[in-house]
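The block underneath contains the structure these notes are about, expressed in structure tokens.
The values are calculated or read from the model by the stated rules, or taken from the named source; none is laboratory data. This structure is a prediction, so every number in the text was calculated from the model and none was measured. Neighbour counts are summed over all protein chains in view; Cβ atoms, including those assigned to glycine, are modelled from backbone coordinates with ideal geometry.
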Amino acid sequence: MARGSILKRCKICRRDGRSGFDKCAHKEAQYIISYRVGKKQKRETIGSNKKEAEKILTQRLSEINHGTYQEACDITFNEFIDKWLDEYALPRIKAHTLYKYKNTLKCHVRPVLGDYPE
Ligand SMILES: [Zn+2]
């Protein structure tokens, strides 16, 4: 039986140098589901809706139990950018640079490529 958990992480708190997993009142906090597929630990950022996170987690676990789970490789370019910004850019670059990146992506890249699969 596959098992998973739901975490809540806050970007604002993280930017302040905290772990982001502490309780806080920020609306920007996002739910992350975490589950194991074989030997790999998977994490997906769902958003600010806990019900939605619970729903998707239940769905993933059911897929894993039934052997129908497929690795998410059909994400759109927009989702890829979000992931890249969050996991790669955020810890490595300055806030101002990140802001410029985001603007460039928003004005020039997303409108053209946003809905295409990666
Ligand atoms: Zn917070």
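Listing for the model above:
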item	result
Qualifying positions in segment 55-79 - assigned to a helix (DSSP H, G or I) and surrounded by 15 or more Cβ atoms within 10 Å (Cβ to Cβ)	ILE56, LEU57, ARG60, LEU61, GLU63, ILE64, PHE77, ASN78, GLU79
Filter result for the condition that a residue is at pLDDT 95 or above and either of a type in the set (Gly, Ala, Ser) or away from the ligand (no atom under 16 Å from the Cβ) (or both), over ALA89, ALA53	ALA53
Those residues of segment 1-42 which are away from the ligand (no atom under 16 Å from the Cβ), surrounded by 13 or more Cβ atoms within 10 Å (Cβ to Cβ) and not small (Gly, Ala, Ser), in sequence order	ILE6, ILE33, TYR35, ARG36, VAL37, LYS42
Yes/no for ASN49 being loosely packed, with under 15 Cβ neighbours inside 10 Å and within 23 Å of LYS27 (Cα to Cα)	yes
Residue within segment 93-104 that is in a strand (DSSP E or B) and hydrophobic (A, V, I, L, M, F, W, C) present	no
